[in-house]
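Since the structure comes first, as C-alpha cells, the remarks are kept for the end.
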Amino acid sequence: MGYTLVYTQVLEFLPYLIKGAWISLQIAILAFFGGMFFGLILATIRTFGNKVSNKIVICYVTFFTNTPQLVQIYFLFFALPEFGILLSPYIAVLLGMTLNAAAYLCEIQRAGFLSIRQNELDAAKTLNFSLVQQVKYVILPHIMRVLFPPLSNHYIIMTLGTSMAAIFGVEELTGRAFNINSETFRSVEIFSLTALIYIVITFIATFLLAVIGRYFFKAKIRIIQ
Amino acid sequence: MERLIEEIPNFFTIWNVIFLAKAMGVTFLLTAIGCLVGFSVGGLLAIFRKTKSIYLLPIRIFIIIYTEIFRRVPFLVSLLLFFYVFQIIKISDNLFLIATITVCIIATAYIGEIIRSGIESINQTQWDAAAAMNFSYYQTLREIIFPQAWKVILPPAFGFFIMFIKDTALASQIGVMELTFAAKILNNKGFSPLLSFGTILILYFILSFPLDRFGKFMEKKLASNRN
Amino acid sequence: MHQIEIKSANAFYEKLHVLKNIDLNVDKGEIVSLIGPSGSGKSSLLKMLVGLLIPKSGKIFLNKTLINFHNQSDLRNIREQIAIVFQQYNLFQNMNVLKNVCIAPTKIQKRNPKEVNEQALYLLEKVGLQDKLKSYPDELSGGQQQRVAIARALCLNPQILLLDEITSALDPELVKEVLDTIRLLASEGMTMLIVSHEMNFVKEVSSRVVFMDDGSIIEINSPKNIFEKPSEKRTLDFVGKILKEK
C-alpha cells in the first residue's frame, strides 16, 4: 500500500488520449462498414448460392467466429510477410477486424433476410407494388427494424475490439495509453482514465444508435440495459 | 513452403506438444472458471436486479453501474488496469490469478445481463399468477421462472463462452502462459510465425467449435420445442 | 355479514386513474357480476382484491379486518382467502396439469401432499379433466386450460373466487363447458366476483350486477333490473348496445 492516486500529471495527456479515441473510432467505423459489405456478399451467397459456395461461406464464418481475432491479426501481421506480403500495423488490424466482422455480420444479415415474411410480400404484390417499391416500402423497413439492434450491438463490441490495435503499435486510444504509461509510470491512473474514455465513447455511440434506430427504423434499443 | 515442411518435425517435438497442451489447459481453465463464476454471481446480480424493495435500491444501482462499466471497457484495458492495481496493493503477483479475476469480473457482467434478459422473457402473467397464489419472489424464480427461462438463457450463454475462450488470448499481454503467449514464445525461439500462430488457431478452433455446435444444436432444439 | 367491504378506493396504473372512488360490499355466498365496456376498470378491481394492484387511497376490509396492502403478512392473508382465475389462464408452462394444481397448496400452504393430491384429483375430475393429468398447458385447448386454472384456484380452498373474463379468450363452443363449471360452484354457495361479457350467464347466476364505466361504479342493481329497467342512462346505453349485438 502507500500508493496515492495522482491524476494531475495524467490529465495533461487527456487531449492526446482523446485524439487517440478518434483513431479508435475511425478503425471501428471502417472495419464495421467493410465487414457489412463483405458480410452482405457472404450472406447473399449463403442465401442464393449453390451447395459448394454455401459450404465455403459456412467454413469461412465458422473459422472466423471460432478463433480469436487477436491471433488472426497476429497471423496476418507476422505470417503473411513469409509470402512477401508486408502489412503496416494499421492495415493489418483494419484488415483483420474487417475479415472478422464480415463473418459475424454475415450471420446477422442472413438472419435479417430470413425474417422477411412471405405473407408481407404477398400483400405487397396484391397491392400491385413494383419490385423497387416492394424493396423500398416492405423489405428494407422490415429488415432494418430486425437488423438494427444486433448490428448496433456488434458495432459496440467492435469499438471495444479496436483496443487490440495497441498490441501491434497502432497509436489509437489504448496504444496512446501504453505510450503515456512508459513515460510516466502512472499506470493505474492512465488505464482507469482510458477505461472512462471507452465508457464515454460507447455511451455516446449507444445513444446515437438508439436515436437513429428509433426515428428511422422504429427499432427499440435501450441505452442502459 | 519447403522451409515449412522441413520445420514441422522440429516443431512438433514432445516438449513443444506438452508445452502447447499445457497452454491450452490454461486457456480452457481461464474460460471455465470465468464462466462458472460468471454464471453463479451473474445469476445473483440478475436476481437482485429484478427485486422491487426500496431497501435494495442501492444494490440495484450498484449492479446497473457495474454491468454498464464492464461491458463498455475493452477486455485488454480492464486486464491491464487490474494488473497494475494488483501491483500496487501487492496482494499477489500470480499472473494467472490476476487474469482469472479479471475474466470473472467481466464474465459476471455479461452473463448477468444474459440471465436478466432470460428472466424478462417470461411473460408477466406467470408472475401475476404466482403472486396471487402467495409465491414469494424467490419461490417464483425457483419454481416457475428459471425452469422456463433457462431455454432462453442457454443459447446466448454458449455464444458467450466461445467469446471468452477467444478473449482470453489477451491475457498473453500480461504474460499469462496461455495459448497465444505460447505461440509468441515459439515464434521468438525461431519457429516460423505461420507454424506457431497457425497451430494455435487450430487449437483455439478445437476448443471452441464443439461448444459452438452444441450451442446451435440446443438453440434449434429448444426453439422447436417451444412452438 | 359483508365478506368484502371496499370504501372509496382509488388505484392507478402508473399515471392512469383506473379505479375511482369504488364503494362495494359483497356478502358471503353472493355472486356479484361486473359488467361494462373494456377499460372500465373491472379487471383492475379484481386485481386490486388480490394485491396485484395496490390502492392509493380508500379502505378495504376482508371479513371486517382492514387490509394494509403494504404489509406482506396482510397481502399473504388476503391471497390465502381470495383466489383469482385469469383471462389468459396463466398456467405455469413448466408444469403438468396436476402439478399446476398441487404446487401452491403443497409448497406455499404447506399442506399434506397426499391430501392435496386427492383434492386435486377430485377437482380435476369435477371439471372433466381426469384424463389430462400429465399433459402440459401447451398441449391443451383454451377451454381445458381455463378449467385447469379454475381447479387450481379451488384447490387453494379460498373463501372467495374471482373470475376475470374467463370465457373471453375461448371459442364459443368451449364457453359452455367453462360456464357449466361455474354454475356448479355457484350452486355450492361459493362467494364469487365475476367479470364477464356473457350477459345471459350474468343474468342467470348473479345475485347483483355492478355496471362500471371509466373506472367508476355507475350502478349496482339486481340482474333483472339492470337489464330491464336500469336507473342510469349509461347503463341503459351499454346494455342496449350489448343486447342489440347479440
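Values as computed for the structure displayed
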| item | result |
| --- | --- |
| Highest to lowest packing among C:205-211, B:125-131, scored as the average C-beta count within 10 Å | C:205-211, B:125-131 |
| Separation of alpha-carbon centers, the range A:1-56 and the range B:106-136, rounded to whole Å | 33 |
| Estimated inter-spin distance, residue B:3 and residue A:122, nm [label 7 Å along Cα→Cβ] | 6.4 |
| For the range C:2-245, the Rg and Dmax computed from alpha carbons only, in angstrom | 17.8, 54 |
| Within chain C, longest stretch clear of exposed GluC sites (Glu not before Pro) (DSSP loop, no more than 13 other Cβ within 10 Å) | C:15-187 |
| Hydrodynamic radius by Kirkwood, which averages 1/r over all alpha carbon pairs of the protein assembly as shown, in angstrom | 29.8 |
| Under the Debye formula (equal points on every Cα, no solvent term), log10 I(q)/I(0) of the range A:13-105 at q = 0.24 Å⁻¹ | -1.16 |
| Residues of type lysines that residue A:55 reaches as a straight line, Cα spacing below 18 Å, ignoring anything fewer than 8 places off in the same chain | B:216 |
| 5 angstrom amide H check on residue C:31, placed H, neighbours 5+ away | C:192, C:207, C:208 |
| Cα-derived Rg to Rh of the range A:88-145, Kirkwood definition | 1.26 |
| Sequence of C:57, C:73 once ranked by neighbouring C-beta atoms within 10 Å, starting from the fewest | C:73, C:57 |
| Residue exposure sequence - B:14, B:61 - by fewest surrounding Cβ within 10 Å | B:14, B:61 |
| Values of log10 I(q)/I(0), in the order q = 0.15, 0.19 Å⁻¹, for the range B:1-124 under a Debye, Cα-only, solvent-free model | -0.81, -1.05 |
| Cα centre as origin, Lys/Arg/Asp/Glu Cβ charges: the protein assembly as shown dipole, Debye | 540 |
| Ranked B:29, A:5, criterion: other C-beta atoms within 10 Å, fewest first | A:5, B:29 |
| Rounded if a/c under 1.5, otherwise prolate or oblate - chain B, Cα gyration tensor axes | oblate |
| Positive-end residue, the protein assembly as shown charge dipole about Cα centroid, Cβ charges, pick of C:25, B:56, C:100 | C:25 |
| Rounded to the nearest 20 debye, dipole of chain A from Cβ charges on Lys, Arg, Asp, Glu | 1000 |
| Centroid-to-centroid separation of the range C:1-45 and the range C:97-114 [C-alpha atoms, Å] | 30 |
| Tilt relative to chain A, helix A:14-48 - C-alpha long axis, 0 to 90 degrees, to 10 | 30 |
| Loop trypsin sites (Lys or Arg not before Pro), the range B:24-91 (other Cβ atoms within 10 Å of the site Cβ: 10 or fewer; DSSP) | B:52, B:90 |
| Spin-label proximity, residue A:19 to the range A:183-215 - amide N less than 18 Å from point 7 Å beyond Cα toward beta carbon | A:183-184, A:194 |
| Per-pair calculated FRET efficiency, R0 = 25 Å: residue A:114 and residue A:29 via Cβ, rounded to 0.05 | 0.40 |
| Test item: B:203-211 mean partner chain Cβ contacts at 10 Å | 3 |
| Size of charge dipole - the range C:150-244 - debye, nearest 20, with Cβ of Lys, Arg +1 and Asp, Glu -1, no other charges | 300 |
| Helix-only [θ]222 nm of the protein assembly as shown, DSSP H runs n ≥ 4, -39500 (n - 2.57) each, per residue, nearest 500 | -20500 deg cm²/dmol |
| Of C:182, C:166, B:98, farthest towards positive along the dipole that unit charges on Lys, Arg, Asp, Glu beta carbons give the protein assembly as shown | C:182 |
| Calculated FRET efficiency for the pair residue B:142/residue C:114, C-beta based, R₀ 25 Å, to 0.05 | 0.60 |
| Mean separation of Cα contacts under 8 Å (6+ apart) over length of chain A, as relative contact order % | 28 |
| Pairwise Cα inverse-distance average, inverted: Kirkwood Rh of chain A (Å) | 19.8 |
| Within straight-line cross-link reach of residue B:189, lysines at Cα separation under 20 Å, skipping those fewer than 8 residues along the same chain | B:22 |
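Readers should treat all values here as calculations from the given coordinates under stated rules, not as data from a laboratory. All figures in this text were calculated on a predicted structure; none of them were measured in a lab. In this analysis, Cβ positions are derived from the backbone assuming ideal geometry, glycine residues included, and neighbour counts consider all displayed protein chains.
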